[in-house]
Amino acid sequence: MERLIMRKFLIAICGILVVSGALGAKSQKSPNPVTDAIKQSWGWGGNYNQSVAGEFMDADYLNQRHGACGRDEGAGVAIIAHKIWEHGGYFCTTQIQSANAGGKSWIDFYKRTDNIYKCETICMPGYYGTKCEKTGVGDCNDGANKDYTSDLDNVIDNSKLDKTDGCETGVITSDIDVFRYVSNSNNNRHSNVHVLGVIERKEHGVIVGIIQVNANRRSNHYSYIADVYSDGQTKLLCAEGYVANSNKTDCIPGPLCATDEDKLNNMCPGFSGYDSSQHSLKHDAAKSCYYFRCKNNKGFQSELSRTCIECEGGLLAYVNNDGLCDVCIKGEYPRSSGNGCIPKEQMDTYSQTQMKSGPNSNRDCWLETDPEKFGGCVICSSNNQCWDGGSCTSCD
């Protein structure tokens, strides 16, 4: 009888252990695959065989059992986009961990429960907004205060960023956007994921690329990050108000942020001899550099001389796209864009009221003496804009 009671007691204990083990087993979660449009925007699908250890993730994290769950799940810290949009992402310091349980292996993502990991929304040049959904350069006030060398964590030289508490505390895998995710393949001993990661931090921008993180499992209780690879393709992202430089290696102040010194330090090829008394600086968005034109509807003396002269020809005279004086033939007049001539009957016309008070009849355009400011006052919908080359732009 005593043996029977002891046997039932042991069976009950074993049952409790089995149930407890089932309840405490680590659960596998999956990240979110992005859309095909997002993949295309970022150029996903290359040959990922170039190591970015020491750039994307500290090389000391690789092939190590260092992790957060029983110290048998190798992990590393990197800056990745938690949210990936077509033209930017929401980047945060994140622990990437090779998880294992029940003979299976996969990759998990963690945040720190003390919230010390830093995050920033950063967009491709020409885009801004909370989800990088707006086109243009944006306001320079916010971007001028950014310094991503400090606003984002130094994940290469700061081991204090490691997450070390618990197995599932802080796990955010299901909140992470990825280009591709493979788990439990190759006899349950290999998994990999393609993330959008920061490779280099700059003052007003970051260099990012699609990174393949490979993880392996040696046994049921030992998994690790094996390597981190890129396909060698990178993109520059910039703070709001900043644009890419001419070779797309760094971000420089856009037209609204740039001082004259900034502009003169980034002149387009072939432009020298700037004189603020007779020239105004312009931004070439396609080439990401600055050039200049003559003020007051004057043109360059010649292709070799940047001296400004009055253009001859009266109402038929205009300044062409090269900044030189030109003249229309009889019966045609200069285009409002300043690029060539147009027959009189095809010209844009404005009422006397609009010429005097603008499109909303609430301005004093007739007081403007600068031709570009006058054109902006008459044509442009926003206040304090100039009409330059067929479009409304900010006045220098």
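A short reminder: the numbers here are calculations on the coordinates, not readings from a lab. What you see is a predicted model, and the numbers here were worked out from it, not measured in a lab. Don't worry about glycine lacking a Cβ; one is built from the backbone with ideal geometry, like all the others, and counts go over all protein chains shown.
Overview of results
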read-out	value
Translational diffusion of the stretch 94-220, µm² s⁻¹ [Kirkwood Rh, Cα pairs; Stokes-Einstein; 25 °C; 0.890 mPa s]	147 µm²/s
Normalised per residue, the volume of the convex hull around the Cα set of the stretch 173-268 (Å³)	122 Å³
Convex hull volume of the chain per residue (C-alpha atoms, cubic angstrom)	199 Å³
Note, ³J(HN,Hα) from phi for the stretch 192-208, Karplus 6.51, -1.76, 1.60, rounded to Hz, x at Gly and Pro	8, 8, 9, 10, 9, x, 7, 9, 8, 9, 10, 4, 10, x, 9, 9, 10
Stretch gain in nm, segment ALA59-CYS392, where the contour uses 0.36 nm per residue and the Cα spacing is subtracted	114.8 nm
Other-chain or far-sequence residues with amide H under 5 Å of TRP85's (modelled H)	TYR90
In sequence order, calculated HN-Hα J values of the stretch 233-243 (Karplus, 6.51, -1.76, 1.60; Hz; x Gly/Pro)	9, 10, 9, 8, 10, 10, 5, 4, x, 10, 10
At 1.306 mPa s and 10 °C, Stokes diffusion of the stretch 268-324 via Kirkwood alpha-carbon radius, µm² per second	134 µm²/s
Using a Förster distance of 30 Å, the FRET efficiency for ASP370-ASN145 (Cβ separation, nearest 0.05)	0.40
Residue pairs, from the table LYS39/LYS282; LYS146/LYS282; LYS298/LYS344, whose Cα atoms sit over 27 Å apart	LYS39/LYS282
Helix-only mean residue ellipticity at 222 nm for the chain, each DSSP H run of n ≥ 4 adding -39500 (n - 2.57), per residue, nearest 500	-4000 deg cm²/dmol
Separation in nanometres of the label points that stand 7 Å from Cα toward Cβ, at ASN321 and GLN40	2.8 nm
Sequence-distant aspartates and glutamates (8 or more away, or on other chains) whose Cα lies within less than 19 Å of LYS131	ASP36, GLU86, GLU120, ASP139, ASP142, ASP151, ASP175, ASP177, GLU240
C-alpha center-to-center spacing [the stretch 96-112, the stretch 260-314] in angstrom	59 Å
Calculated from backbone phi, Karplus (6.51, -1.76, 1.60) coupling profile of the stretch 262-269 in Hz, x at Gly/Pro	4, 5, 5, 7, 9, 6, 5, x
Cα-centred dipole magnitude for the chain, charges only on beta-carbon of K, R (+1) and D, E (-1), debye, nearest 20	1920 debye
Under-5 Å amide H pairs with ASN321, H placed in peptide plane, nonlocal only	GLY340
Those lysines that a straight Cα-Cα span of less than 19 Å connects to LYS111, excepting residues fewer than 8 apart in one chain	LYS26, LYS29, LYS83, LYS160, LYS163
For the stretch 241-392, alpha-carbon Rg over 2.2 N^0.38 Å	1.13
Convex hull of the stretch 59-159 built on C-alpha atoms - directionally averaged projected area, nm²	8.2 nm²
